[in-house]
1. What tally of residues in region 10-31 results from selecting those that are assigned to a loop (DSSP other than H, G, I, E, B), modelled with pLDDT of 95 or more and touching a strand residue (DSSP E or B) at 6+ places or on another chain (Cβ under 8 Å)?
2. If residue 41 meets every condition in (1) at pLDDT 85 or above; (2) surrounded by 13 or more Cβ atoms within 10 Å (Cβ to Cβ) apart from one, which number is that one?
């Protein structure tokens, strides 16, 4: 039986064959999924997906309004709509 910290499903279980020929279970961190746009759901560009779980702020944002939250296409569309609505 594994130790209590390894009994949960937060770690991925992989079967590994050792050089001695035994099959053992190794526990690995699960990979984070790629961040997605809140409006259209497409994967965001410019954000390092490996850093999402470690929460380094420099790798999570893009230097534009709503960077890291919505994609550039949705932002451009929203800005166009805002300008059109404000001009009437």
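1. Going through region 10-31 one residue at a time, the tally reaches 1.
2. (2)
The values are calculated or read from the model by the stated rules, or taken from the named source; none is laboratory data. Small disclaimer: the values here were computed from a predicted structure and weren't measured. We place every Cβ from the backbone using ideal geometry, glycine too, and count neighbours over all the protein chains shown.
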